[in-house]
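Trainee: Could you have a look at this structure, given as structure tokens, before my questions?
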Amino acid sequence: MNRRFRRTFVVSGVAASLLAGAISIRVAADMTAAAAPPPAPPVSMDSLKAALATEQARGASLQAELDDLLSVTDQLTAALSSTEGEVKVDGLTAKQLRDRLKAANAKLQLVDRLLKESQRRLAALGAPVPTMPPSRPAGGGGSGSTATPTPAPTARTTSLVLTLALVNGDVHASWTTCSASGFDSYALVRSTDSEIHYPPEDGDTVVAKISSRSTTSATDPAPSGPAWYRLYCLTASGGETRTAATSATVKITVP
């Protein structure tokens, strides 16, 4: 083989190699382009702002629900603490024990209402709702006695919930609405001790007599010192006024 033929053969081999390489590169590029995902559509600034505003509104709504739930939880804690103080029976007379039991039952009704509100809030937030055991009327006795449940009242009940607060030195009272038929009036009575009666007896003072069922608050410029309050729901039938429901006795100290 002469030198010219050998040179021609080498040049032809190099050219064939270059052509094969170019074809391989082109095929690889086409395959890469075909396998690549489609380009993402452009996102406008307005759509991003709208999405952000939606998420912010959702977060604010959840925060409001959480705040409401915390508020209900605080009320529930306060009600439970107050109920614990109502069921101590050592050294009490029979009448004092009955008054304590009535007050404890009213507190338990408030606890039930707050528990239901807490469960509703938890359900709104999508959280699991705890199962609470049914509440029982408070009862107790001295050493060697057996505790028995308080029987359900018939005509006269402690279904009213009375709340007291100090506002500018005066006692502000608010209560739940009386649903008894034949409604006549509310009577708010203040006493110098826990023995409160209506009609009033010694130490009792009627501080408000309200004939509107929808009016559920009153203000009493009470004197300084401890004071006890009870609300009475009065009904009228056949020319006779009767007590249909009462609240528990609530104590407050006026500065």
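Trainee: Could you list, in sequence order, all residues of the stretch 219-235 that are surrounded by 18 or more Cβ atoms within 10 Å (Cβ to Cβ) and of a type outside the set (Asp, Glu)?
Mentor: Step one: of the stretch 219-235, the residues surrounded by 18 or more Cβ atoms within 10 Å (Cβ to Cβ) are 220, 222, 227-235.
Listed by number, the residues that qualify are Ala222, Ala227, Trp228, Tyr229, Arg230, Leu231, Tyr232, Cys233, Leu234, Thr235.
Trainee: In the stretch 200-250, which residue that is part of a strand (DSSP E or B) and either of a type in the set (Asp, Glu) or in contact with a Pro (Cβ under 7 Å, 6 or more places away or on another chain) (or both) is farthest from Ala106 (Cα to Cα)?
Mentor: So the first thing to find is which residues in the stretch 200-250 are part of a strand (DSSP E or B), and the list is 204-210, 217-220, 225-237, 240-247, 250.
Subsequent filtering for residues that are either of a type in the set (Asp, Glu) or in contact with a Pro (Cβ under 7 Å, 6 or more places away or on another chain) (or both) retains 204, 206, 220, 240.
On the way: Asp204: 21, Val206: 22, Asp220: 23, Glu240: 27 Å.
Here the answer is Glu240.
All of the numbers you see were taken from the coordinates with simple rules; none came from a lab. Keep in mind the model is a prediction, meaning the values are calculated, not measured. Ideal geometry is used to build each Cβ from the backbone, glycine not excepted, and the neighbour counts take in all protein chains shown.
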